[in-house]
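What follows is a short report on a single structure.
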Ligand code: PEP
């Protein structure tokens with residue numbers, strides 16, 4: 001790939017210790033003929049220390065799938081950013097639609113998480129996306145604008161935005177090239193004009209696989225991708241990460 005892309009693997013609630021080890025060992029064997037993408041691996045929390053060790057001396061970078069919006073306190077069952085950072089994560093996915101839907105996370109909570117992540121000098125990967133109804137009603141740009149407006153602070157030197165249409169996640173459906181480009185340009189423009197952010201790393205996520213990766217990553221000229229289902233399949237990742 002001529003431009004170095006950012007590829008984020010979201011393993012979600014998949015893989016046990018044995019499976020994670022096999023996958024990481026195989027990822028480390030990938031033969032990159034040109035400059036490799038920047039690869040972020042986001043396992044479930046209990047796997048983080050284990051995967052952190054497996055990734056030592058590799059070019060893969062550790063990330064987390066979420067964090068709590070408070071630094072510490074009485075939040076039974078949650079994981080603090082302090083531990084996420086101590087274990088070696090550099091990036092944190094935030095505002096994923098599965099968290100917004102399953103745990104009723106609002107834009108306000110997502111913004112609190114973004115602020116905390118930035119204050120800890122880690123990098124948020126902020127997910128935004130519209131539902132199927134919102135896409136059909138053509139209100140998607142309004143929805144995305146609201147998410148960006150609430151969740152993104154002003155005057156950042158850079159921000160990573162993952163555009164993940166909810167109707168595309170895990171469904172096999174993807175927007176057309178033109179639809180992805182429209183959102184990409186909208187996001188760049190909105191964040192420049194309204195948040196004074198000139199460097200936006202725009203990722204597309206939703207049913208990316210080895211069949212459509214070239215069109216999405218190269219033809220739509222996005223800056224990278226957030227990959228769920230395909231990220232735990234070595235044959236898929238081998239092809240996606242070595243796209244020429
Ligand atoms: C995701 O969960 O962020 C995602 C993009 O999932 P999938 O690739 O499986 O659609």
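Can you find a residue that is in contact with a helix residue (DSSP H, G or I) (Cβ under 7 Å, 6 or more places away or on another chain) and under 18 Å from residue 125 (Cα atoms) anywhere in the range 171-178?
no
I need the full set of residues from the range 184-201 which are under 15 Å from residue 149 (Cα atoms) and either surrounded by 20 or more Cβ atoms within 10 Å (Cβ to Cβ) or within 14 Å of the ligand (Cβ to nearest atom) (or both), in order please. Quick ask: steps written out before the conclusion?
Here is the first cut: in the range 184-201, the ones under 15 Å from residue 149 (Cα atoms) are 186-197, 200.
Selection gives 187, 191, 197, 200.
One line per residue, one yes/no per condition, for (1) touching a residue at least 24 places away in the same chain (Cβ under 8 Å); (2) over 17 Å from residue 37 (Cα atoms); (3) within 15 Å of the ligand (Cβ to nearest atom):
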position	(1), (2), (3)
175	yes, yes, yes
203	yes, no, yes
207	yes, yes, yes
210	yes, no, yes
219	yes, no, no
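If I go through the range 225-238 residue by residue, how many of them are touching a helix residue (DSSP H, G or I) at 6+ places or on another chain (Cβ under 7 Å) and either more than 11 Å from the ligand (Cβ to nearest atom) or farther than 18 Å from residue 65 by Cβ (or both)?
Number of matching residues: 3.
With respect to residue 27, is the statement that it is in contact (Cβ under 8 Å) with a residue 40 or more places away in the chain, in contact with a strand residue (DSSP E or B) (Cβ under 8 Å, 6 or more places away or on another chain) and not in a loop (DSSP other than H, G, I, E, B) true? Steps first, please.
Details: in contact (Cβ under 8 Å) with a residue 40 or more places away in the chain: yes; in contact with a strand residue (DSSP E or B) (Cβ under 8 Å, 6 or more places away or on another chain): yes; not in a loop (DSSP other than H, G, I, E, B): yes.
For residue 27, the condition - in contact (Cβ under 8 Å) with a residue 40 or more places away in the chain, in contact with a strand residue (DSSP E or B) (Cβ under 8 Å, 6 or more places away or on another chain) and not in a loop (DSSP other than H, G, I, E, B) - is met.
Among the residues of the range 30-44, is any without any contact (Cβ under 8 Å) to a residue 60 or more places away in the chain and in contact with a helix residue (DSSP H, G or I) (Cβ under 6 Å, 6 or more places away or on another chain)?
Yes, the range 30-44 contains a residue that is without any contact (Cβ under 8 Å) to a residue 60 or more places away in the chain and in contact with a helix residue (DSSP H, G or I) (Cβ under 6 Å, 6 or more places away or on another chain).
Computed from the coordinates by the stated procedures, all read-outs in this text should not be read as laboratory data. These numbers were taken from a predicted model, which means no experiment stands behind them. We place every Cβ from the backbone using ideal geometry, glycine too, and count neighbours over all the protein chains shown.
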